[in-house]
1. Sorting K69, K138 on the 10 Å Cβ count, fewest up front, what's the list?
2. Report the calculated FRET efficiency for E401 and K138 (r = Cβ-Cβ distance, R0 = 35 Å), to the nearest 0.05.
3. Please enumerate, by chain and number, the lysines with C-alpha under 25 Å from the C-alpha of K69, excluding those fewer than 8 residues away in the same chain.
4. Roughly speaking, what is the centre-to-centre gap between the range 429-446 and the range 102-126 when only Cα atoms are used, to the nearest Å?
5. Below 16 Å, Cα to Cα, which lysines can K260 reach? Residues fewer than 8 away in the same chain don't count.
6. Between D200 and R454, what is the label-point separation in nm under the 7 Å Cα-to-beta-carbon projection?
7. Would you please put 383-390, 95-102 in order of how densely packed they are, using the mean number of other Cβ atoms within 10 angstrom per residue and starting with the highest?
8. Among the lysines, which fall within straight-line cross-link reach of K405, defined as a Cα-Cα distance under 20 Å, with same-chain neighbours fewer than 8 residues apart omitted?
Amino acid sequence: MQGLVYILADDQTDALRLAAGYGVGDDVQAEIALGEGLLGECARAGTMRVIVTLPDGVWSIESGLGNAKPRAVILAPILLNDSLLGVVEVALLRAPDDETVQQFKELVGILALNLELVRRHEHTEERLLAASAAETVKSEQLAFQQVLIDSIPYPVFFLDADARMLGINRAYARAFGTDPAVAVGCRLIDLEFLSPAERDVFQSESEAVIAAAGHTQRELRITHADGSAHDSLYFLSGFRRPDGSPGGLVGTFVDITPMKDAERELSRLADAERFAHLARGREMRILELKQEVNALAEAMGRPGPYATDLVEPVGDHEMTQHPDYEVGSVTAGRPLQLADLVDLGAFQELFSNFCDAVGVAAAIIDLQGVVLASARWQPACTDFHRVNPESCARCIESDTELALKLKDGDAFTMYRCKNGMTDCASPIIVEGQHVANVFIGQFHLGVPDMDFFRDQAKRYGYDEESYLQAVTSAPVMDEARLPTILGFLAGFARMISTMSLARHRADAAQQALTRQAVLLRQERLAAMSLAEDVTRAAPMTSGREEEPRR
């Protein structure tokens, strides 16, 4: 007996590949097409054929006994639920009877079942390998994102669409004494470090932010695990899934205790200043009178009766607030600038790490068009558009137009720049002021118009081949993902800026306290001078009282 089995190729619908053979030579075809020869025609027709009368020289059965001419050949398609899986050919040394043909049909049916089992097993293994690889990539990305979040020095947490904890950073675990493994899956209403009343407020507030994918911030005083109370800025920023449904939120607590302590001390000193202002005025008038009396005595040739060596020039005693402490201004005389608030080097590193983790190109640009941070910027812009003076001017013009759209109050806007790339942007708001914009780009929303970019290459003198390669390397983005990424980046920049602003204010408040301490020292010196005058005047008063008795 001699036999061959061909199976349908996975990646083709009209080709059969050799899967197995018995008693055949090396010249057997490795692949046949549907309809090719008797075997291919049998596969295409889907019917069994038994050929008993064979022409001389058509087939021969090779074995250890030499070559023998077969008496019959059976050709049968391998079918499962009328679907073709392959075809089998068997050459016999004697003609088969009906029972043999029926047994052969049953064996072919069993072969079909086994082929399907093998194919499903192979597909299952492929899926498992693909799923395992995807899970590995996902795990690596999540691990990287966790390291990135752990680098933030303030407590950060993130919730899913059901307002349950997805994770926390190291600062959160340390501040509130929470085990990250235990926190996952909890709701804010389950947090033991909050009072029952606070839990209800936190839970309802989070659910509202998630539902609206909105943003909120407020000041609160919260107790840490060590029992210390901390003044904090509490931020919540919701985000949506790519399909537009609520995805969850990111929250953080920014410790502003030093700033609030300084504010309270300034308020106390301001109250004391108001009460002491009138008394200080009297003291200063007395000192002025003493100086006038001393001057008159010296004019009459007598020594001045009052000592003024302890008196220092006090100047204006009105307490004025330090300019750095003014709300909305870090540098006196000009509006709030994002570049004044953050360490751009450290900010760039964090920004780049996030963009690498999620695979997007992004930038933060201030309202004057200055790029403060960027990551994965597309070569079409860095190597071409922003290098040529004319096209760079169009870049800045496009950035400015996009910024003007954001000034209208939109939380998100998309714009195709004049150089043909698409950007989208969201405003960064700090203390109610629009200080900068976060951009995602550059990218395409569909297949790029290559004729447009060829014309642009000629207009600005770009190397056409390199330029078109840079243009096509820009990604095609899913528009539904953009609001989520923008929301996180804008919230991230806003959080960093607010933390820096709080630090600036605390420093400014400390400077104001130092200035106030100087004023208090001057006042004490003036009071010491008055006390000395009282002591020196007592004998003189006593002498004048005794004169009438003489």
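Bear in mind that the values in this text are calculations on the coordinates, not laboratory data. These figures come from a predicted structure and were not determined experimentally. As a convention, Cβ positions derive from the backbone with ideal geometry for all residues, glycine included, and neighbour counts pool all protein chains shown.
1. K138, K69
2. 0.35
3. K105
4. 58
5. none
6. The modelled label-to-label distance comes out at 7.0 nm.
7. With the highest mean Cβ count within 10 Å placed first, the list reads 383-390, 95-102.
8. Of all the lysines, those that pass the test against K405 - Cα under 20 Å, at least 8 places apart if same chain - are K418.
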